[in-house]
Each structure stands twice: as C-alpha cells, then as structure tokens.
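Asker: Quick one: the structure is below, and I'll ask about it shortly.
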Amino acid sequence: MQEVTATSRHYVDRLFDPDPQKVLQGVIDMKNAVIGNNKQKANLIVLGAVPRLLYLLQQGSSSPELRTECAVVLGSLAMGTENNIKSLVDCHIIPALLQGLLYPDLIFIEACLRCLRTVFISPVTPVQLLYTDPTVIPHLMSLLSRSQRTQEYITQIFSHCCKTPEHQTVLFNYGAIQNIAPLLISPSYKVRMQALKCFSVLAYENTQVSMTLVNVLVDGELLSQVFVRMMQRDQPIEMQLTAAKCLTYMCRAGAIRTDDSCIVLKTLPCLVRMCSKERLLEERVEGAETLAYLMEPDVELQRIASTTDHLVAMLADYFKYPSSVSAITDIKRLDHDLKHAHELRQAAFKLYASLGSNDEDIRKKPILESGVIELLCSLTQSDSPALRVNGIWALMNMAFQADQKVKVEIVRSLGTEQLFRLLSDPDTNVLMKTLGLLRNLLSTRPHIDQIMSSHGKQIMQAVTLILEGEHSIEVKEQTLCILANIADGNTAKELIMTNDDMLQKIKYYMGHSNVKLQLAATFCISNLIWNEEDGSQERQDKLREMGFVDILHKLTQASDPNLSDR
C-alpha cells in the first residue's frame, strides 16, 4: 500500500514542476498509470491531484496540449467509482469543464465533453448543474455541428440531464428538436442512438414536444417514419426499443392516433417482440413497461396485443424467470438476473393490469389460457410482502366483474386455506387486497350463492375474526361491504339471518362513531330486508324483535346526509 501511495505522490509532485514540459510529461505518465486502475485513481484523488489538474486546465499559460491531457486524465478518474465522481464534483469540475468549452481548440473541447459526459451519466451527479448558467445549453447546441464526437457526447449529456418538464422546456426552447433531428441520419451509429434517446426523454408526457415532433422532416422524410425504420428487425435491439418508446410517448401525448398504422402495425408488434424470452432481462422489462404504457387507455390496442405473438404466454414466463431452460451460460449474468428478477415480475404485473383494464373478453382470454392464475396464486405464498401484495392485487383485478368460470378457477387455485391465511396476513396491504378479492368474488347473486354454498362457513368465520380484531377502519369497512354482498345473495343471506352473533355485530357497527362503518352496516340490513324477495317479511320481523328499528329511527336523525337517507 505504501509503495502505491509513494508512486502516486510522485505523480502528483510532478504536476508542480516549474518546467512546463516536465508537467506535460507528468500528466501523460499519470494518464497511462490510471487506465483501468481504480486503486491508483482513488490514491491520486486523495493526494489532491484533482484541484491541480483543474488549475492547469484553466490556466491561460497552459499549452493546448497540456490542457487536453489534463481533461483526458480527469475523464479517466471519472471512470472509476461513484466516490471518485463525488470528489470530482466537489472540486467544481463541472463549471471548469463548461468554461473549457469556450476555447476554440476542437480536440480540447472533445476531451472536456467526454469528461462531462462521464460525470453527468453518473447517478450521483446533480443534473441541475447543467442548467445553473443559462448560457451553457445554447453554447452546447452550437457545438453540435463541430464533429461526430461532440454530437455523441452532447446528446448523451442532454438525454441524461433531462429529468423534469422544466428541463424539457429549456431544451425545447433552445432548439433541441431542430438541432438534434438531423443527427438521426448520421453515419455514426453512436450519434444516431444518442439522438434517438434524446427524443425519447424530450417527448415523454410532453404534448408540446410531441406535437412538434410529428411535423419535423429529416432529409425530406417525416420523423415518425424515421422512427419506424429504426424499429425494423435488422436494427440493434437498443435502437428498436428506443424508437418504439419515442412513438409510444408521442402517441400517449396525443400527437399520433392510436389507430395510426405506425402504432398498430409497427410500434405495438415491436414492443411485443421485446417481451420474448430471447431478449435480455432489461430489454424484457423495458419492453413490457412501455407496452403497458402504450395501450393503457386504449381498448383496441389491448385487444390487438392480447392476440399478438402469444403475448400472454410470454408474460407467464416472466414469473418463472430464470427458468431451468434459460440459455444462460454466463454466471455473472445469471447472478445479475436473479437480483433483478423482481423487476421482470413488476413489469409483467403492469402489463397484465393494462391488458385487462378496459375489456372483459381480453381479461378472460389472459387469464384462462395462460395458466397465469396458478402463477399468481403461488406468488401469494411468497416470503416477500411486495410479491404477495402484487399477486393478490392481480387476482383482485382479474376477479372484478369476471365470469363464473374465472372466479371458480381463482378459488380453486388459491384454495380456501391460503385465502384465510392471507386474511390474517400481518401486512395490512395484503389484507386489504385479499378483502378486495373476496368482495369481487362475491358479486352478482348466482356467484355469491354458489361460493357461499361451498365456502360459506369459513368465509363467515373469517369475517367474524376481522370484525372482532384490532383492525383499521378501512379494513373493517371493506369487511362489512363483503357482508353486504353476502346479504344480497338469495340463499347466502340465510347464513347471516341464522347467525345471531353476526346480527349483533352489524347492530354494533350501525351505532359506531365512524360514519363509514355505520353506512356499510346499514347497507347490510337494507339488503337483508329487501321487500321483493322470498321470506323478506320473516326477516323483517326477526330484525324488528332484535331492536333494529329503533337504531334505524336514530340514524334518520344522523348529521351525515348519506346515512340518514340510507
């Protein structure tokens, strides 16, 4: 360690030599010493190399060559760890490099931009530093025409530093669209790719940008057509995916219609391709999330997606990942993918939710064909509360207004034991979603009667436990709503009427201090005494004997208008 420190100190000492030629040689030797050597980089930073390099970089008397070599070494130090970047930012490297861009020397400008790019793409760098001085963005725009390198680095800086609607507006106002559009047909792949990324972050949830992009011509061709060309199968995946994002964002911002052929015939199939198991984990996550976002508000797109390329079956694979058949030979890759497998599941949940959000037929089709119900049921047994919540949430959405077949399949796959285990889950989120699932299962009379005839005893037991337990108002309200659904069944309501203990509980909650609970309990009673059903007279008589009429009289005086009306 001491040896390394001694040689590092020697490198730093040489930066202070009175002979400029020796200083230059010292910087060049330092550059060669730090390449790929993180320990050496950290030592040089600790020993104070950065302020001296920045001083030399800004010193008027430094030769162009010395200034450029200083920028190159700083760029190399920035390539190290996040701590290195923090140290560089703390030494005010960003204003120094931005100042350096005012020199006429192109090679020096490129070295400064390369270093700025490395610093700005790090998550620890505050992106706001790009916007502090209002002259910086227009100057960067003017440098775009200087070389392919300036184009690549500047567009990369923009796409990493455009994080808010305010940032989008600043870049838009300084002519980002006109300046960057021609780069989409650059001979350099890196330039095309970075320009494309720029457009995806500029267009995201931004109507002004998206509406402008629709009318932009690049070499006589509409920009949307350039994006379509970039989605062709022979293009690199990264390019296909980013072009699909651009068109997705333009569509969601209202600049392209959802029935436009570039969306239906190009963007949607491209995103579905990204979900296949041949793709890398990150590509599948991004593909599924973008696809979910694209079709979220549009039933027609959901219908098309659900019938495209076995999408539903592909999503089922997201939950089994990584599978035994995964063609992963790279152990590092496998380790990385195992750590990020939850991102794949989250993405699939988003896509399921958006596939079935507006159309009943589609939902029945994701569901019954793909075996996804079993998968979701198995997720509810996970040790991770987040996965349990997601699994039960997805089941709850599937049960909403579903037909009998789907509901029966959910109850069968989940099993009553697991359902009741979830109803005593320590995580309130899991409990609330499970109650939501139960409420959705117990809707429409034939379904209520069928489920209660086979599982009535256990369900009433679970309801009793929750109403007696220490639970939040929300949990108890949801439970009383389930009871009101049961009271709406033809035969199911007898399970309440023959259970005096349950009727006393309803009575107790009608007199509760919380209006929500009073409303839900009163709703149970109105379903029990509904006039047009068999046996309603006997039920009314029994409830009258139990003193419910007096409570109802009292509630007509309630201050809450909903409650007194009810």
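Asker: Hey, any idea what % of the chain's accessible area is carbon plus sulfur with a 1.4 Å probe? Write down the numbers at each step before the final one.
Answerer: Working: 13690 of 26070 Å².
Here it works out to 52 percent.
Asker: Measure off 7 Å from each Cα along the Cα-to-Cβ vector at L280 and K22, then give the distance between these two points in nanometres to one decimal.
Answerer: 4.8
Asker: Peptides 9-20, 506-517, 396-407, 106-117: what's the order by average Cβ count within 10 Å, highest mean first?
Answerer: Numbers: 9-20: 14.4, 506-517: 16.5, 396-407: 18.2, 106-117: 22.9.
Per-residue mean Cβ counts within 10 Å order the peptides as 106-117, 396-407, 506-517, 9-20.
Asker: Could I ask something else about it? I'd like the Karplus ³J(HN,Hα) series for region 27-32: coefficients 6.51, -1.76, 1.60, θ = phi - 60°, whole numbers in Hz, and an x wherever there's a Gly or Pro.
Answerer: Computed from phi, the couplings for region 27-32 are 5, 5, 5, 5, 4, 5 Hz.
Asker: I want the local charge near S63. Using Cβ-Cβ distances under 12 Å, sum +1 for each Lys or Arg and -1 for each Asp or Glu among the other residues. Can you show the working numbers first?
Answerer: Values: positive: R67; negative: E65, E69, D105.
Result for the local shell: -2.
Asker: To test your reading of the geometry: what angle, between 0 and 90 degrees and rounded to tens, separates the Cα axis of helix 428-441 from the longest principal axis of the chain?
Answerer: Between the helix axis and the principal axis of the chain, the angle is about 50 degrees.
Asker: Which aspartates and glutamates have a Cα lying under 17 Å from the Cα of K493, excluding residues fewer than 8 positions away in the same chain?
Answerer: D449, D501, E532, E533, D534, E538, D541
Asker: If each of V127 and T416 carries a label point 7 Å out from its Cα toward its Cβ, how far apart are those two points in nm?
Answerer: A separation of 5.4 nm, rounded to one decimal place.
Asker: Please compute the contact order of region 12-112 in relative form: average sequence separation of alpha-carbon pairs under 8 Å and at least six residues apart, divided by the residue count, as a percent.
Answerer: 27
Asker: A further question follows. State the percent of C-alpha pairs, over all pairs in the chain, separated by a distance greater than 41 angstrom.
Answerer: Within the chain, distances greater than 41 Å cover 46 percent of Cα pairs.
Asker: Using θ = phi - 60° and the Karplus form 6.51 cos²θ - 1.76 cosθ + 1.60, what ³J(HN,Hα) does each residue of region 281-297 get, whole Hz, x for Gly and Pro?
Answerer: 3, 4, 5, 5, 4, 5, x, 5, 5, 5, 5, 4, 5, 4, 9, 3, x
Asker: Rounded, prolate or oblate for region 14-113? Axes are the square roots of the Cα gyration tensor eigenvalues, ordered a ≥ b ≥ c, and the cut-off for rounded is a/c under 1.5.
Answerer: Because a/c hits 1.5 or more and a/b fails to exceed b/c, region 14-113 counts as oblate.
Asker: Quick one: grab the alpha carbon gyration tensor of region 450-565, order the square roots of its eigenvalues as a ≥ b ≥ c, and give me rounded if a/c is under 1.5, else prolate or oblate depending on whether a/b is larger than b/c.
Answerer: Oblate.
Asker: Still on this structure, please answer the following. Got the relative contact order for region 163-286 handy, in percent, Cα pairs under 8 Å and 6 or more residues apart?
Answerer: Computed value for region 163-286: 21 percent relative contact order.
Asker: For T444, enumerate residues with amide H under 5 Å from its amide H, sequence gap 5+ or separate chain, H modeled in the peptide plane.
Answerer: Answer set, sorted by chain and number: none.
Asker: Note down the net charge around G489, summing +1 for each Lys or Arg and -1 for each Asp or Glu among other residues with Cβ under 15 Å from its Cβ.
Answerer: Spelling it out: positives minus negatives among the neighbours equals 0.
Asker: Compute the Rg to Rh ratio over region 64-203 from the alpha carbon atoms, using the Kirkwood formula for Rh, and round to two decimal places. Kindly include the intermediate steps, with their values, before the conclusion.
Answerer: Numbers: Rg = 14.1 Å, Rh = 15.0 Å.
My calculation puts Rg/Rh at 0.94.
Asker: Stretch M211-R9 to full length: gain in nm at 0.36 nm per residue minus the Cα-Cα span?
Answerer: On the way: separation 202, 0.36 × 202 = 72.72 nm, distance 5.67 nm.
The M211-R9 span can extend by a further 67.1 nm.
Asker: Assuming R0 = 41 Å, what is the FRET efficiency of Y55 and F172, from their Cβ-Cβ distance, to the nearest 0.05?
Answerer: 0.65
Asker: Using amide H atoms built 1.01 Å from N in the peptide plane, name the residues 5+ places from H92, or on other chains, whose amide H lies under 5 Å from its own.
Answerer: none
Asker: Determine the relative contact order of region 450-565: mean sequence separation of Cα pairs under 8 Å and six or more apart, normalised by residue count, in whole percent.
Answerer: On the way: 91 pairs, mean separation 25.0, N = 116.
With pairs under 8 Å counted, the relative contact order is 22 percent.
Asker: Using alpha carbons only, how many angstrom separate the centre of region 380-452 from the centre of region 265-318?
Answerer: Using only Cα atoms, the two centres lie 26 Å from each other.
Asker: Find how much the distance from S513 to E65 grows on full extension, using 0.36 nm per residue of separation minus their present alpha carbon separation; answer in nm with one decimal. Present the calculation step by step, with values, prior to reporting the outcome.
Answerer: Working: separation 448, 0.36 × 448 = 161.28 nm, distance 7.99 nm.
Gain on extension, S513 to E65, equals 153.3 nm.
Asker: So what is the 222 nm mean residue ellipticity for the chain from helices alone, if each DSSP H run of at least 4 adds -39500 (n - 2.57) and you divide by all residues, rounding to the nearest 500 deg cm²/dmol? Each step should come with its number before you reach the end.
Answerer: On the way: 35 runs with 400 residues, N = 566.
Here the helix-only value at 222 nm equals -21500 deg cm²/dmol.
Asker: Could the peptides 50-62, 261-273 be put in order, highest first, of the mean number of other beta-carbon atoms found within 10 Å of their residues? It would help to have the intermediate numbers written out before the result.
Answerer: Details: 50-62: 16.9, 261-273: 20.4.
The packing order, highest mean first, is 261-273, 50-62.
Asker: Out of residues 5 or more away from V218 or on other chains, whose amide H comes under 5 Å of its own, with H placed 1.01 Å from N in the peptide plane?
Answerer: Those qualifying (amide H under 5 Å, at least 5 residues apart or on another chain) are L223.
Asker: Cα atoms only, region 391-504: Rg and Dmax in Å?
Answerer: Cα radius of gyration and Dmax of region 391-504 are 13.0, 36 Å respectively.
Asker: Name the residues of region 497-516 whose amide N is less than 16 Å from a point 7 angstrom out from the Cα of E468 along the C-beta direction?
Answerer: 499-509
Asker: Could you derive backbone 3J(HN,Hα) for region 132-145 from the dihedral phi with the Karplus parameters 6.51, -1.76 and 1.60 (θ = phi - 60°), listing whole Hz in sequence and x where the residue is Gly or Pro?
Answerer: Each residue's phi maps through the Karplus curve to give 4, 9, x, 7, 5, 4, x, 5, 4, 4, 6, 7, 4, 7 Hz.
Asker: Also, I was wondering about something else. What is the sum of charges, Lys and Arg at +1 and Asp and Glu at -1, for the other residues whose Cβ falls under 13 Å from the Cβ of Q148?
Answerer: Net local charge, Q148 excluded: +3.
Asker: Right, something else. Cα to Cα, under 18 Å, and not fewer than 8 places away if on the same chain: which aspartates and glutamates meet these conditions relative to K22?
Answerer: Answer for K22, where 18 Å is the Cα cut-off: D13, E65, E69, listed by chain and number.
The values are calculated or read from the model by the stated rules, or taken from the named source; none is laboratory data. Because the structure is a prediction, the values reported are computed rather than measured. Note that each Cβ is placed from the backbone with ideal geometry, even for glycine, and that neighbours are counted across all protein chains shown. Side chains are part of the model used for accessible areas, which takes the heavy atoms of the whole protein and leaves out ligands, DNA and RNA. Shrake-Rupley method; radii C 1.70, N 1.55, O 1.52, S 1.80 Å.
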